[in-house]
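A short worksheet on the structure shown next.
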Amino acid sequence: MTLMASQAERARRMAERLNLSAEEIRKRKSFLGLSGEEETSLRRLRPLFKKRTPSFATLLHQRIGAFPETVRILEKAHSQSWLRSRHAEYFLELVSGPYDMDYVYNRLAVGIAHQEIGLEPEWVQASFGLFLEWAGRILREDPESPLSSDPRLADNLAKITFFDSGLVMDSYFMAERERMEVLSRAFETNAEVVWIFDENWILRHANKTSEKIIGWKPSDLVGKSFEDFMAKGSSFSNPEKRTLLEHAAREGHWEGELLLTHRNGSEFSVWATLNLLEEAKESGTILEFRDRTAEKQVERQLLLKTNDLLRSNRDLEQFAYVASHDLQEPLRMVTSYTQLLARRYQGQLSEEADEFIRFAVDGAIRMQALINALLTYSRIDTRGKPLVEMETEVALDHAIENLSLAIRESGAVIDRCPLPRVMGDPVQIMQLFQNLVGNAIKFRTSDRPAHVTIRAEREGAVCSLSITDNGIGIDPQYFERIFTIFQRLHTKEEYPGTGIGLALCKRIVERHGGSIGVRSSPGRGATFFFTLKAVPEGESSLPRNSPFQKGSAT
């Protein structure tokens, strides 16, 4: 629906609310003594006014310019240029007729438009008075005036002007009433308490939500001072009120926490917003607030749970460290003695005994590897270094160097593109690359050498990196499982390892504020992708002697 169509529809609804039927319009004309013949006679003025109404619009807007407040209203509504041309058309329509229901709807729409713009009714009425003054002078002084041949024209013009202004003002005040009804509904149904104070902080208006939040009915609140509702431990002296008012005047509003007293005597916290009634004829303050009791309870529960979680994490990390550290010595002893048994008595006992010894040695070595892996995993957060600007390519260089033996033995081919600088822990980023590239080499097919491709792409403040291989692939049903600690998809005889590598990668990436995932299907290789925070372009502060700067010695 266009704006014009919308205004026309609203004017029709307005006519219904004002009971302006065709019969009512006829009665209004009859009351003013405006007959059909007199209506027709007014059309004789159209040729005279058609050439002259633009000059009246100029006169009217000169009068507008004399009142800064009116000028500000029109400038705010971006309406002055449109209104100037519309005023010329409007007063020409006044002598054009026919004065039927369509004409009535048009005039009602004018009243609605003036109310929406924000012009005071006094100004609207004054514009009709100015028109009659100007039109009377034209009728009396203009050589082309038909007044000499029809002396009734001046009276008829006054009658139709009164008829017109009555319609405009009726719709203006009805539109204002509708606006106040909407504001009243919004005021009463607001989920927050809304209080309006005078300049002495005496409560003048309160909405229905007040009873729900503070226990008092709105009618019981009116006339009370705001200090009557402040908690005993929270004074609200005049200096404090002045501070709030000064802040509101400076910033446009004030918001913060206040401690109030309920009607039952209990104290509770509210989050309040204060605004000054700057445009009101009388100074005052609007205070809105909501009860924060439930929020406070949630905050306390969240804080307790957070502290419990932090304590639990510290306990688990300490347990993992102590358990793995304290197990190292007895495990080294077990490993040493089982290896000594294997060297001394290999072939001297039965084949079954040799197998038992081999199992013991293998189990001890695997247990030692698991403990070392668990110790590394537990230290990702506790022993991690601060995130600094670093060269990702150098971290990858170190990882590939550590994997050089596996790369040579497998005949793996590593393709890589230039990598961006990131914010990270250099050692952990190296571990991340080493695990992912090492897995790509380990989980290869027997019929072709491993081919690993490393790519990177910057996306705003984030770097997306991926490592793609041509290996055995992964069934999608296991995508989440593989990132869980000690979860293996293959036996140690098929592929050696502890089952902690991808869990370690996930924890490293998450510590860096990123995410990690995988795309794969069985037999078609896999792509592991992860994100890291990029270094802002043009803001490098990497020192030349950084061990993780590209081009430095390993």
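Any residue that is in contact with a helix residue (DSSP H, G or I) (Cβ under 7 Å, 6 or more places away or on another chain), under 30 Å from THR40 (Cβ atoms) and among the β-branched types (Val, Ile, Thr) - is there at least one of those in segment 167-179? Scanning segment 167-179 turns up at least one residue that is in contact with a helix residue (DSSP H, G or I) (Cβ under 7 Å, 6 or more places away or on another chain), under 30 Å from THR40 (Cβ atoms) and among the β-branched types (Val, Ile, Thr).
Would you mind finding the one in GLU133, GLU93 that is acidic (Asp, Glu), touching a helix residue (DSSP H, G or I) at 6+ places or on another chain (Cβ under 8 Å) and either closer than 24 Å to LYS29 by Cβ or not assigned by TED's automatic domain parsing to the domain that holds GLU37 (or both)?
Values: GLU133 fails: touching a helix residue (DSSP H, G or I) at 6+ places or on another chain (Cβ under 8 Å).
Only one candidate qualifies: GLU93.
Among the aromatic types (Phe, Trp, Tyr), farther than 22 Å from PHE49 by Cα, in a helix (DSSP H, G or I) and touching a residue at least 60 places away in the same chain (Cβ under 8 Å) - does that describe any residue in segment 130-142? Looking for residues that are among the aromatic types (Phe, Trp, Tyr), farther than 22 Å from PHE49 by Cα, in a helix (DSSP H, G or I) and touching a residue at least 60 places away in the same chain (Cβ under 8 Å), one finds none in segment 130-142, hence no. Looking only at segment 33-59, residues that are crowded, with 17+ Cβ neighbours inside 10 Å and part of a helix (DSSP H, G or I) come to 10 in all. Checked against the criterion of being out of contact with any helix residue (DSSP H, G or I) (no Cβ under 6 Å at 6 or more places or on another chain) and modelled with pLDDT of 80 or more, the candidates ARG358, ARG421, ARG344 yield just one match: ARG421.
Scanning segment 433-483 for residues that are small (Gly, Ala, Ser), out of contact with any helix residue (DSSP H, G or I) (no Cβ under 8 Å at 6 or more places or on another chain) and surrounded by fewer than 21 Cβ atoms within 10 Å (Cβ to Cβ) yields SER446, GLY460, ALA461, SER464, SER466, GLY473.
Can you find a residue in segment 73-88 that is within 24 Å of ALA126 (Cβ to Cβ) and either touching a His at 6+ places or on another chain (Cβ under 6 Å) or modelled with pLDDT of 85 or more (or both)? Explain how you work it out, then say what you get.
Step one: filter segment 73-88 for residues within 24 Å of ALA126 (Cβ to Cβ), giving 73-88.
This time we only want the ones that are either touching a His at 6+ places or on another chain (Cβ under 6 Å) or modelled with pLDDT of 85 or more (or both), so: 84.
Among the residues of segment 73-88, at least one is within 24 Å of ALA126 (Cβ to Cβ) and either touching a His at 6+ places or on another chain (Cβ under 6 Å) or modelled with pLDDT of 85 or more (or both), which makes the answer yes.
Within segment 287-308, residues that are surrounded by 11 or more Cβ atoms within 10 Å (Cβ to Cβ) have Cβ atoms under 8 Å from residues that are hydroxyl-bearing (Ser, Thr, Tyr) in these pairs: LEU287/THR273; GLU288/THR273; PHE289/THR273; ASP291/SER269; ARG292/SER269; THR293/SER269; LYS296/SER269, counting only partners at least 6 apart in sequence or on another chain. Among the numbered conditions (1) of a type in the set (Lys, Arg); (2) at pLDDT below 85; (3) under 30 Å from VAL535 (Cα atoms), the only one that ARG444 does not meet is (3).
Restricted to segment 216-233, and to residues there that are assigned to a loop (DSSP other than H, G, I, E, B) and modelled with pLDDT of 85 or more, the residue that is surrounded by the fewest Cβ atoms within 10 Å (Cβ to Cβ) is GLY223. Would a scan of segment 114-136 turn up a residue that is surrounded by 15 or more Cβ atoms within 10 Å (Cβ to Cβ) and over 23 Å from GLY65 (Cβ atoms)? Looking for residues that are surrounded by 15 or more Cβ atoms within 10 Å (Cβ to Cβ) and over 23 Å from GLY65 (Cβ atoms), one finds none in segment 114-136, hence no. In segment 402-432, the qualifying residues are those that are part of a helix (DSSP H, G or I) and among the hydrophobic types (A, V, I, L, M, F, W, C), and the one that is surrounded by the most Cβ atoms within 10 Å (Cβ to Cβ) is LEU432. The single condition from (1) within 19 Å of ALA175 (Cα to Cα); (2) free of Cβ contacts under 8 Å to residues at least 24 places away in the same chain that VAL71 fails is (1).
Entry remark, segment 163-207: residues being assigned to a helix (DSSP H, G or I), surrounded by 17 or more Cβ atoms within 10 Å (Cβ to Cβ) and among the β-branched types (Val, Ile, Thr) number 1 in total.
Does segment 104-124 contain any residue that is modelled with pLDDT under 90, in the same structural domain as THR53 (by TED's automatic domain parsing), closer than 15 Å to PHE49 by Cβ and not aliphatic (A, V, I, L, M)? The answer is no; no qualifying residue exists.
The values are calculated or read from the model by the stated rules, or taken from the named source; none is laboratory data. Note that the coordinates shown come from a computational prediction; the quantities given were computed from them, not determined experimentally. Counting neighbours? That spans all protein chains shown, and the Cβs are built from the backbone with ideal geometry, glycine included.
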